[in-house]
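One structure coming up, written as structure tokens, with questions to follow.
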Amino acid sequence: MLNYLKSEFYRTLHSKEIHGTAIGLFILILFVNVTLGLMRNVEHFPYGITSFSYSMLVSIPMMYCYVASDVAVMLYEPDRRNGTMGNSIAYGFSRMQLFAGKCIVCLAASLVLLAFALPLYIGSAALLLEPAGPTTVRDMLWEVPAISLIAIASQILAVILLELWENSFVSVLSWLAVMLFLPKLLLAAAMLLPFGREVLMNIAMWMPANFLSAGSEVTMSQCVTPWSTAEGMARCLLSGAAGILIFSAAGVLLLRRKEV
């Protein structure tokens, strides 16, 4: 297992896909803040402030899940196509070892990406924009621990789906179905069905796609986030922890039955 991890960390370090993801993310961050900075002195342009820049991330906490899952896709989407998985199993690694190793490598790569992207985001906004507005650095920093477990759960799900399906497009659609479409469908059912509304609503409001959007009110005049209260932070952490346990257990059960 240790040898597999070493080889995967080396491969990740030299992966063109992950380098491209990092460069694209950094360019996007700079583009946003540089553009806002250039426009800050334009008359009647109210968005050249740090609050607006920060709010673009704070108002879309699921962005962490999208990026974390994209890391998994960039690293392991080519595995079945180029035979890497078959070679690893031929060397004596079990599917469970490969699953665990991929999750660990994806998490490590995501943490490194975050360690560079977040300071770049905050630093470029602070340097180029006027420090004003309701959304602050504190809101951004608290967003990281609040969403961390949810993002890890979404990444584990991405790894599982890439292992299960031959087609990466189907894997992406399946991820969207579990993380976005199913929560919204349950929420709609809870509001429309004449029976079982309370049970369905309770289930739906523990799903990140629902409670993160319902608990957020991030505008130019106020910043209310789900993690700004102890109860909201607890819901974020418990939901993420439950997702990690559920997806990991599902991965173990499904991958044991999956033939190479």
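The values are calculated or read from the model by the stated rules, or taken from the named source; none is laboratory data. Fair warning: this is a prediction, and the values are worked out from it, not measured in the lab. In this analysis, Cβ positions are derived from the backbone assuming ideal geometry, glycine residues included, and neighbour counts consider all displayed protein chains. Ligands, DNA and RNA are stripped out before the accessible areas are found, and what is left, the full protein with its side chains, is counted by its heavy atoms. Shrake-Rupley method; radii C 1.70, N 1.55, O 1.52, S 1.80 Å.
Could you list, in sequence order, all residues of the stretch 229-260 that are assigned to a helix (DSSP H, G or I), touching a helix residue (DSSP H, G or I) at 6+ places or on another chain (Cβ under 9 Å) and surrounded by fewer than 16 Cβ atoms within 10 Å (Cβ to Cβ)?
Within the stretch 229-260, the first condition is being assigned to a helix (DSSP H, G or I), and the residues that meet it are 230-257.
From what is left, the residues that are touching a helix residue (DSSP H, G or I) at 6+ places or on another chain (Cβ under 9 Å) are 232-233, 235-248, 250-252, 254-256.
Of everything in the stretch 229-260, those that are assigned to a helix (DSSP H, G or I), touching a helix residue (DSSP H, G or I) at 6+ places or on another chain (Cβ under 9 Å) and surrounded by fewer than 16 Cβ atoms within 10 Å (Cβ to Cβ) turn out to be LEU238, ALA241, ALA242, LEU245, ILE246, ALA250, VAL252, LEU254, ARG256.
For the stretch 209-230, which positions are within 16 Å of ALA190 (Cα to Cα) and either in contact (Cβ under 8 Å) with a residue 24 or more places away in the chain or touching a strand residue (DSSP E or B) at 6+ places or on another chain (Cβ under 6 Å) (or both)? Break it down stepwise before answering.
Within the stretch 209-230, the first condition is being within 16 Å of ALA190 (Cα to Cα), and the residues that meet it are 209-211, 214.
Hits for the stretch 209-230 are ALA209, ASN210, PHE211.
Restricting to the stretch 163-174, count the residues that are buried (at least 20 other Cβ atoms within 10 Å of the Cβ) and within 13 Å of SER69 (Cα to Cα).
Going through the stretch 163-174 one residue at a time, the tally reaches 1.
Spot the failing condition for PRO46; the list is (1) closer than 20 Å to THR136 by Cα; (2) open to solvent by less than 50 Å² (accessible area, probe 1.4 Å); (3) at pLDDT below 95, and only one is missed.
All conditions are met except number (2).
Within the stretch 108-122, does at least one residue satisfy the condition of being closer than 30 Å to ARG257 by Cβ and open to solvent by 20 Å² or more (accessible area, probe 1.4 Å)?
Checking the stretch 108-122: at least one residue is closer than 30 Å to ARG257 by Cβ and open to solvent by 20 Å² or more (accessible area, probe 1.4 Å).
Can you report the number of residues in the stretch 1-42 which are of a type in the set (Ser, Thr, Tyr), more than 24 Å from TYR64 (Cβ to Cβ) and either in contact with a Leu (Cβ under 9 Å, 6 or more places away or on another chain) or modelled with pLDDT of 85 or more (or both)?
Total meeting the criteria: 1.
Name the single residue, out of those in the stretch 68-92 being over 21 Å from ALA151 (Cα atoms) and modelled with pLDDT of 65 or more, that is least open to solvent (accessible area, probe 1.4 Å). Give the derivation first.
Kept after step one, since they are over 21 Å from ALA151 (Cα atoms), are these residues of the stretch 68-92: 78-92.
Adding the requirement that they be modelled with pLDDT of 65 or more leaves 78-79.
Numbers: PRO78: 21, ASP79: 5 Å².
Per the criteria, the residue is ASP79.
A quick yes/no check of all residues on (1) surrounded by fewer than 18 Cβ atoms within 10 Å (Cβ to Cβ); (2) of a type in the set (Gly, Ala, Ser); (3) assigned to a helix (DSSP H, G or I):
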site	(1), (2), (3)
LEU176	yes, no, yes
LEU180	yes, no, yes
LYS184	yes, no, yes
LEU187	no, no, yes
ALA190	no, yes, yes
GLU198	yes, no, yes
MET220	yes, no, no
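Here's a follow-up. Need the failing condition index for LYS6 against (1) in contact with a Ser or Thr (Cβ under 9 Å, 6 or more places away or on another chain); (2) open to solvent by 70 Å² or more (accessible area, probe 1.4 Å), just the number.
Status for LYS6: all satisfied but (1).
A further question on this structure: Can you pull out every residue in the stretch 12-49 that is assigned to a helix (DSSP H, G or I), without any contact (Cβ under 8 Å) to a residue 12 or more places away in the chain and over 20 Å from LEU118 (Cβ atoms)?
Matches in the stretch 12-49: LEU13, LYS16, LEU38, MET39.
I've got another one for you. Could you run through the stretch 9-29 and say how many residues are more than 30 Å from MET56 (Cα to Cα) and loosely packed, with under 14 Cβ neighbours inside 10 Å?
If we filter the stretch 9-29 for residues that are more than 30 Å from MET56 (Cα to Cα), which is where we start, we get 9-11, 14.
Okay, now just the ones that are also loosely packed, with under 14 Cβ neighbours inside 10 Å, so 10-11, 14.
Total satisfying the criteria: 3.
Here are some residues: ALA214, ALA125, ALA209, ALA146. Which one is small (Gly, Ala, Ser), more than 19 Å from the chain's Cα centre (by Cα) and on the phi < 0 side of the Ramachandran plot?
Just one listed residue meets the conditions, ALA125.
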